[in-house]
Amino acid sequence: MSIARFWRETPRRYNLGGSKCTNCSTVYFPPRAVCPECTHHRQSIEKMVPFQLSGDGEVLSFTVVHDPAQGFEMQVPYVVALVETVEGPILTGQVVDVDPPEVRIGLQVHATFRKLREEGKAGVIHYGYKFAPTEEPSGPSPPRGSPAPIPAEPPSAQPRAPA
C-alpha cells in the first residue's frame with residue numbers, strides 16, 4: 001500500500017465511520033455511495049452522508065476459534081462474533097477482555113481499537129476494531145420466566161444499615 005493511500009484511509013481505519021441515507025435513514029458500515037434499501041436506488045445518489053457509529057452493540061451470534069488462521073496461533077481460543085450496533089449495521093469482530101465461556105448471545109459490547117498485527121521487517125503495526133464487554137459477564141442468562149434466585153440467608157438474618 002502506498003504511503004499516500006495509507007494516510008488518506010487513516011480516518012476510516014481508526015473510526016467506525018459509515019454512511020447514512022438521508023431518504024430512508026438507513027445506516028451502513030462500511031460506507032456506501034448508493035442506498036440499496038431505497039425503492040429507486042437513484043434517489044439516494046448524492047444523498048448518502050458520513051455517519052459515525054457509536055461502537056455500542058449486542059452479540060447476535062458467536063463462535064470460539066480453536067484452529068486459528070496463520071498469525072493468530074498464540075491467541076487461541078478466541079471468540080469471533082456478529083455484533084448488531086445500536087445504529088443497525090451488523091459487524092463481525094473479535095471479542096476481547098473476556099474468557100470465551102463467558103461470551104453469550106445478548107452480551108453488551110463496545111468497539112475498541114487494538115493492535116491486529118505487525119507487518120514486515122519495519123514492524124508496521126496495523127490496528128483495527130475489536131469488541132470488549134460493557135457489562136460484567138455473568139455466565140449464561142437464565143431463561144425468561146424463571147424464578148429469581150433465593151438468597152442464602154433470609155432477609156431478617158442479613159445485617160441492617162443504621163438509619
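Every read-out reported here was derived from the displayed coordinates using simple, explicitly stated rules and does not represent laboratory data. Just so it is clear, the model here is predicted, and its values are computed rather than measured. No Cβ is skipped: glycine too gets one built from the backbone with ideal geometry, and neighbour counts run over all protein chains shown.
General observations
- The stretch between TYR14 and GLU73 holds 18.7 nm of extra length on full extension. This uses 0.36 nm per residue minus the Cα-Cα distance.
- Fewest neighbouring Cβ atoms within 10 Å first, the residues VAL95, VAL64 line up as VAL64, VAL95.
- Centre separation in Å (Cα based) which lies between the stretch 91-129 and the stretch 23-48: 29
- Taking the stretch 54-136 and dividing mean pair separation by its residue count, relative contact order in percent (alpha carbons under 8 Å, at least six apart): 29
- Cβ crowding within 10 Å, taken as a proxy for footprinting-reagent exposure, orders TYR14, TYR129, TYR78 from fewest neighbours to most as TYR14, TYR78, TYR129.
- Full extension of the chain between ILE125 and ILE45 gives 25.2 nm of extra length, using 0.36 nm per residue less the Cα-Cα distance.
- Legend: ranking of residues LEU82, LEU16 from fewest to most surrounding C-beta atoms inside 10 Å; resulting order LEU82, LEU16.
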